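Peer 1: Take this structure first; my questions come after.
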Amino acid sequence: MVASQHELASKIGIDVLKKGGNAVDAAIAVGLALAVVYPEAGNIGGGGFMLYRRADGQAFAIDYREMAPGAASRDLFIDGEGKLIKGEGSSTVGYRASGVPGTLAGFDVAFKKHGSGKISWRQLVEPARSLAQNGYVLTKRLADLFVSYKENLAKYPDSNRIFLNSGKYYREGDLFKQPELAQTLARVESHGASEFYTGKTAELIAADMKANNGLITLQDLKNYKAKERQPLRGNYRGYEIITMPPPSSGGIVMLQVLNMLEKYDVRSLGYNSAAKYHLLVEAMRRSFADRAEYMADPDFQTVPVEKLIDKKYANERNATIDQRKASSSKDIGQGAIEIREGMDTTHFTVVDAAGNIVTNTYTINDLYGSRVTAKGTGVLLNDEMDDFAARPGRANMFGLIQGERNKVEPMKRPLSSMTPTIVMRKDGTPWFALGARGGPRIITAVIQSVINVIDHDMDIQAAIDAPRVHHQWYPDELLYEPYGMSPDTLNVLTSYGHTFAARPGQIASATGIMIDTDGTRLGAIDSRSDGEAIGY
Ligand code: DON
């Protein structure tokens, strides 16, 4: 089964499985197809994380997060007066917002190390190339989305031509073709993923960067490497959880919250009781405070992973929770951990017939990333530099406060919230795999989906659809979803001292696959977004 945010991409994944490819082969084909059919987030100009659990039980994590260019430095996004630069030159829009893309390097490692060997690289790239070349019919959602991002997309000539039809815009039902992207994919198809980093595509990206005051050079592209990491493992009420280690914060924060909640009988508190929301939010507040202080690229900073996910540490943090009173984030700093120094994304999951699982989240950060399409390539570039602490101690586009450890440094990866996750049954067989889009809300969405299955006996679709809450330490406010909380519950939580966000808002969107005890694959696409889970 393939569950992704676009029907065409899911179908392409299924074709690969039918031809004898494994979950990794299918995931690569899905990822490349999404770069064409889901341009606000699917990408070859961004980066992400692939978590792979082989049917024999071995698990692998591929980190293909973007990397800061060699010329980047701590104060890159701060002007002479110490203020954050806005617009072109900022961490969110324009040429300097991009980190060196990692997607193709990541897919290359996955293919060479874990592909079935039955499907060629060409066969994985061709469906995406063909969709870019021949086009596909635009849905209303996508046609409208291009227009709603027109202000910044229009600033960059190739983005303006490709996504805004040179100001004439697209409508529902139009055939949308991306010839330059097709050519880029054709080169990648013939010469391999390295073409993007050392071939004509690399030269085009570097030339466009140079002409526009960007920092990514040919050397930066040549230097880029996807990294293999040890998956992070923890457990909740005896169920093993396999998830992403740093440079994602997602796995650690999730395990911290679950460790804290384990002490309480969440099941009998009830799915949407004030008492449960209170504990959940207090656990989130504390874990996000730790995120701000301790988490960053592990190749640049020592991240005290083991201590942060230790159950004893969770007990210490729990001891500071009053069951009837909200803490104030200003009183909740990071826990005392001794260190010995030595707004777009998309998630998809594939489970093949043999039981191999790929669960992958990748992103260009904001919708349409930096809004820059590198000239002549059709490749929309990310704005992942904003996931660094552009100004340590101040909020980024997601309102996240991050510290010095996550400052901009050359060739460093920005801290992420992406949380591809696999949960095992107690008998050691895989139960469900999932992930989400939505910045820091990814973490809280995945946490609540896991709790909904384990504590509240929901199936994967119900677990993903159920209303959620979110708290990320700062801003010190409890976000809930439209129709997601009864007025009585809201009143109780207010009486505990919680401050609610000014208005409710959507909290991330998730996709996942559950494997039933008889082996049936149950696909789930969040009702908050598009997508299709397809089996065969
Ligand atoms: O890596 C991260 O945490 C962010 N760049 C993810 C951004 C995101 O999910 C935006 N989505 N809707």
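Peer 1: Being within 25 Å of the chain's Cα centre (by Cα) and crowded, with 16+ Cβ neighbours inside 10 Å is the filter here; which residues of region 105-125 pass it?
Peer 2: Hits for region 105-125 are A105, G106, F107, D108, V109, A110, F111, H114, G115, W121, L124, V125.
Peer 1: Quick one: how many residues across region 41-71 are touching a Pro at 6+ places or on another chain (Cβ under 8 Å), farther than 30 Å from D427 by Cα and buried (at least 17 other Cβ atoms within 10 Å of the Cβ)?
Peer 2: Total satisfying the criteria: 9.
Peer 1: Another question, then. Looking at region 355-371, is at least one residue more than 14 Å from the ligand (Cβ to nearest atom), modelled with pLDDT of 95 or more and farther than 23 Å from A41 by Cα?
Peer 2: yes
Peer 1: Has region 60-71 got any residue that is more than 16 Å from the ligand (Cβ to nearest atom), of a type outside the set (F, W, Y) and touching a Phe, Trp or Tyr at 6+ places or on another chain (Cβ under 9 Å)?
Peer 2: No: region 60-71 contains no residue that is more than 16 Å from the ligand (Cβ to nearest atom), of a type outside the set (F, W, Y) and touching a Phe, Trp or Tyr at 6+ places or on another chain (Cβ under 9 Å).
Peer 1: OK, next. On the basis of being farther than 27 Å from G399 by Cβ, modelled with pLDDT of 95 or more and assigned to a helix (DSSP H, G or I), does N315 make the cut?
Peer 2: Answer is yes for this residue.
Peer 1: Limited to region 230-261, what total is found for residues that are buried (at least 19 other Cβ atoms within 10 Å of the Cβ) and either more than 16 Å from the ligand (Cβ to nearest atom) or among the basic types (K, R) (or both)?
Peer 2: Matching residues across region 230-261 total 12.
Peer 1: Among helices (runs of 4 or more DSSP H) lying entirely in region 72-160, which contain 1 or more residues that are touching an Asp or Glu at 6+ places or on another chain (Cβ under 6 Å)?
Peer 2: In region 72-160, the matching helices (runs of 4 or more DSSP H) lie at 121-134, 140-148.
Peer 1: Among (1) away from the ligand (no atom under 16 Å from the Cβ); (2) on the phi > 0 side of the Ramachandran plot; (3) not polar (S, T, N, Q), where does P467 come up short?
Peer 2: Answer for P467: the failing condition is (2).
Peer 1: Just one of I401, I442, I447, I454 is crowded, with 24+ Cβ neighbours inside 10 Å and either among the charged types (D, E, K, R) or away from the ligand (no atom under 12 Å from the Cβ) (or both); which is it?
Peer 2: Every option except I447 fails the conditions.
Peer 1: Additional query: Taking interchain pairs and intrachain pairs at least six residues apart, which have beta carbon atoms under 9 angstrom, with the first residue in region 398-426 and within 23 Å of D220 (Cβ to Cβ) and modelled with pLDDT of 95 or more and the second among the aliphatic types (A, V, I, L, M) and away from the ligand (no atom under 16 Å from the Cβ)?
Peer 2: Filtered contacts from region 398-426: V408/A72; V408/L76; E409/A72; P410/A71; P410/A72; M411/A72; K412/A72.
Peer 1: I'd like the full set of residues that are under 12 Å from Y149 (Cα atoms) and surrounded by fewer than 24 Cβ atoms within 10 Å (Cβ to Cβ), limited to region 364-382.
Peer 2: L367
Listed here are the residues, each with its yes/no results for (1) in contact with a Ser or Thr (Cβ under 8 Å, 6 or more places away or on another chain); (2) within 15 Å of the ligand (Cβ to nearest atom); (3) of a type in the set (D, E).
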| residue | (1), (2), (3) |
| --- | --- |
| S417 | yes, yes, no |
| P430 | no, no, no |
| L434 | yes, yes, no |
| L478 | yes, no, no |
| N491 | no, no, no |
| M514 | no, no, no |
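Peer 1: Any idea how many residues of region 54-71 are within 25 Å of S10 (Cβ to Cβ), part of a loop (DSSP other than H, G, I, E, B) and in contact with a Lys or Arg (Cβ under 8 Å, 6 or more places away or on another chain)?
Peer 2: 1
Peer 1: Every residue in region 1-24 that is crowded, with 24+ Cβ neighbours inside 10 Å and either aliphatic (A, V, I, L, M) or within 17 Å of W121 (Cβ to Cβ) (or both), please.
Peer 2: Hits for region 1-24 are M1, V2, A3, A9, I12, G13, V16, L17, G21, N22, A23, V24.
Peer 1: Name the single residue, out of those in region 72-104 being aliphatic (A, V, I, L, M) and out of contact with any helix residue (DSSP H, G or I) (no Cβ under 8 Å at 6 or more places or on another chain), that is surrounded by the most Cβ atoms within 10 Å (Cβ to Cβ).
Peer 2: Restricting to residues being aliphatic (A, V, I, L, M) and out of contact with any helix residue (DSSP H, G or I) (no Cβ under 8 Å at 6 or more places or on another chain), the top hit is I85.
Peer 1: I'm trying to understand the selection: among the residues of region 169-186, which are in a loop (DSSP other than H, G, I, E, B) and either over 26 Å from the mean Cα position of the chain (by Cα) or loosely packed, with under 15 Cβ neighbours inside 10 Å (or both)?
Peer 2: Y169, Y170, R171, E172, G173, D174, K177
So that you can scan it fast, the table gives a plain yes or no per residue for (1) hydrophobic (A, V, I, L, M, F, W, C); (2) within 25 Å of N382 (Cα to Cα); (3) more than 15 Å from the ligand (Cβ to nearest atom):
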site: G13; (1), (2), (3): no, yes, yes
site: A27; (1), (2), (3): yes, yes, yes
site: G45; (1), (2), (3): no, yes, no
site: G48; (1), (2), (3): no, yes, no
site: L51; (1), (2), (3): yes, yes, no
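Peer 1: When you scan region 474-491, how many residues do you find that are modelled with pLDDT of 95 or more, farther than 30 Å from W431 by Cα and touching a Phe, Trp or Tyr at 6+ places or on another chain (Cβ under 9 Å)?
Peer 2: Qualifying residue count, region 474-491: 4.
Peer 1: In this structure, does R286 turn out to be under 22 Å from Y480 (Cβ atoms) and buried (at least 19 other Cβ atoms within 10 Å of the Cβ)?
Peer 2: For R286, the condition - under 22 Å from Y480 (Cβ atoms) and buried (at least 19 other Cβ atoms within 10 Å of the Cβ) - is met.
Peer 1: Related question: Out of the residues in region 17-53 that are part of a loop (DSSP other than H, G, I, E, B) and out of contact with any Gly (no Cβ under 8 Å at 6 or more places or on another chain), which is nearest to A353 (Cα to Cα)?
Peer 2: In this case the residue turns out to be G20.
Peer 1: Is it the case that some residue within region 356-363 is buried (at least 24 other Cβ atoms within 10 Å of the Cβ), under 18 Å from the mean Cα position of the chain (by Cα) and part of a loop (DSSP other than H, G, I, E, B)?
Peer 2: No, region 356-363 contains no residue that is buried (at least 24 other Cβ atoms within 10 Å of the Cβ), under 18 Å from the mean Cα position of the chain (by Cα) and part of a loop (DSSP other than H, G, I, E, B).
The values are calculated or read from the model by the stated rules, or taken from the named source; none is laboratory data. Since the model is a prediction, treat every value here as computed from it, not as a measurement. Glycine also receives a Cβ, built like all others from the backbone with ideal geometry; neighbour counts cover every protein chain displayed.
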